[in-house]
Amino acid sequence: MKHNVMAMALLFGVVMMTFADTPRLPRGSEPVTVNGNLSIAQGKIALIQDDVTYYVKGIHQFIGFIDGLKEGASVVLEGNAIPNRSNEKAKILLVTKMTLNGKNYDVMPPGTRGFRKEKRGMMGHF
């Protein structure tokens, strides 16, 4: 009996750890590929395509490290677009892949470090 309880507890722990590290996307997000020139909209990095403004998340850490990644750069971005409830012409783009000057870059989605999701305290600090 004791062994059965321990085995069930161990199995439960393994299952919970598996689901805990699975990345979750917000409801309504959709995979997209957009291309255009980077710009600044409302103080944020953005890309406008077909009258929709995509606020780009995930490439800011590469500015200054990748030659040519600046305002006006022509890029192709792949990722998941999250709709804005208050403005149908604006979406947040969580970038997973970027193509700049014919070169591909893998981008980690925001909120991840390596293979683990960021763990933050109550006040948002590490």
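The values are calculated or read from the model by the stated rules, or taken from the named source; none is laboratory data. Keep in mind it's a predicted model, so treat the numbers as computed, not measured. Positions of Cβ are backbone-derived with ideal geometry, glycine not excepted, and every protein chain shown enters the neighbour counts.
When you look at GLN42, is it farther than 13 Å from LEU94 by Cα, loosely packed, with under 11 Cβ neighbours inside 10 Å, at pLDDT 85 or above and out of contact with any Lys or Arg (no Cβ under 6 Å at 6 or more places or on another chain), yes or no? Yes.
Specify the residue that is nearest to ARG27 (Cα to Cα); the eligible residues are those in the stretch 70-98 that are hydroxyl-bearing (Ser, Thr, Tyr) and touching a residue at least 12 places away in the same chain (Cβ under 8 Å). For the stretch 70-98, the residue satisfying everything is THR96. ILE59 meets the conditions (1) surrounded by 14 or more Cβ atoms within 10 Å (Cβ to Cβ); (2) modelled with pLDDT of 90 or more; (3) hydrophobic (A, V, I, L, M, F, W, C) in every case but one. The failed one is (2).
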